[in-house]
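The values are calculated or read from the model by the stated rules, or taken from the named source; none is laboratory data. A quick note: this is a predicted structure, and the numbers were derived from the prediction, not measured. Cβ placement follows ideal geometry from the backbone for every residue including glycine, while neighbour counts extend to all protein chains displayed.
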Amino acid sequence: MTRLIVVMGVVGTLVGAGLATTALAAELKVMQTQKTKDAVVALKSETGQWKSGKNTFVLEFTSPSGQPLDAGKVTLSTSMAMPGMAPMVTGAAVSPDKAPGRYLGTIDFPDSGTRQVTVSWDGPAGKGSTKFSVPVR
Ligand SMILES: [Cu+2]
């Protein structure tokens, strides 16, 4: 019951923030959508792609039925295979946004090249992870 009241409070805040939230959401482009048994994970950014240097992004978690999913602690790490060298590993800083299931991240790539991306989460609805690749231009 407490949880329901909290959710309603958040919805009220979102309705109050209405226009600004809608404008931001409309500007984001989906880079990747991954479905697991328990969650749908969407990676989004303003440009729809990552580049060498600093990038900002949004991760959105929803349940298989489309409801926002509190994913708890979320991490995103990337790895790039480098011939004759150890893989190049770059991690992101990820923190929860105000909206449930929404996380804001920054990541700083030292160079371009395709990254293997791992997103992991550990929250009230369970833990999980998903892997996919993203080109860095
Ligand atoms: Cu590299």
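Summary table
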quantity	calculated
Out of Pro87, Pro135, sole residue that is out of contact with any Phe, Trp or Tyr (no Cβ under 7 Å at 6 or more places or on another chain), in contact (Cβ under 8 Å) with a residue 40 or more places away in the chain and not hydroxyl-bearing (Ser, Thr, Tyr)	Pro135
Selection from region 37-62 of residues that are modelled with pLDDT of 95 or more, over 15 Å from Arg137 (Cβ atoms) and part of a loop (DSSP other than H, G, I, E, B)	Ala39
Some residue of region 125-137 being polar (S, T, N, Q), more than 15 Å from Gln32 (Cα to Cα) and surrounded by fewer than 16 Cβ atoms within 10 Å (Cβ to Cβ)	no
Top-ranked residue of region 109-119 - restricted to ones that are within 16 Å of the ligand (Cβ to nearest atom) and among the hydroxyl-bearing types (Ser, Thr, Tyr), ranked as nearest to Asp70 (Cα to Cα)	Thr114
Some residue of region 119-137 being in contact with an Asp or Glu (Cβ under 7 Å, 6 or more places away or on another chain) and among the charged types (D, E, K, R)	no
Residue ID - farthest from Thr62 (Cα to Cα), chosen from residues in region 92-124 that are small (Gly, Ala, Ser) and surrounded by fewer than 13 Cβ atoms within 10 Å (Cβ to Cβ)	Ala93
Criterion violated by Gln49 - all others in (1) touching a strand residue (DSSP E or B) at 6+ places or on another chain (Cβ under 6 Å); (2) over 14 Å from Thr36 (Cβ atoms) satisfied	(1)
Scope region 80-127; condition on the phi > 0 side of the Ramachandran plot and in a strand (DSSP E or B); matching residues	Gly113, Gly126
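One line per residue, one yes/no per condition, for (1) in contact with a strand residue (DSSP E or B) (Cβ under 6 Å, 6 or more places away or on another chain); (2) among the acidic types (Asp, Glu); (3) within 16 Å of the ligand (Cβ to nearest atom):
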{"residue": "Glu60", "(1), (2), (3)": "yes, yes, no"}
{"residue": "Lys73", "(1), (2), (3)": "yes, no, no"}
{"residue": "Gly84", "(1), (2), (3)": "no, no, yes"}
{"residue": "Gly105", "(1), (2), (3)": "yes, no, no"}
{"residue": "Trp121", "(1), (2), (3)": "yes, no, no"}
{"residue": "Ala125", "(1), (2), (3)": "no, no, no"}
{"residue": "Val136", "(1), (2), (3)": "yes, no, yes"}
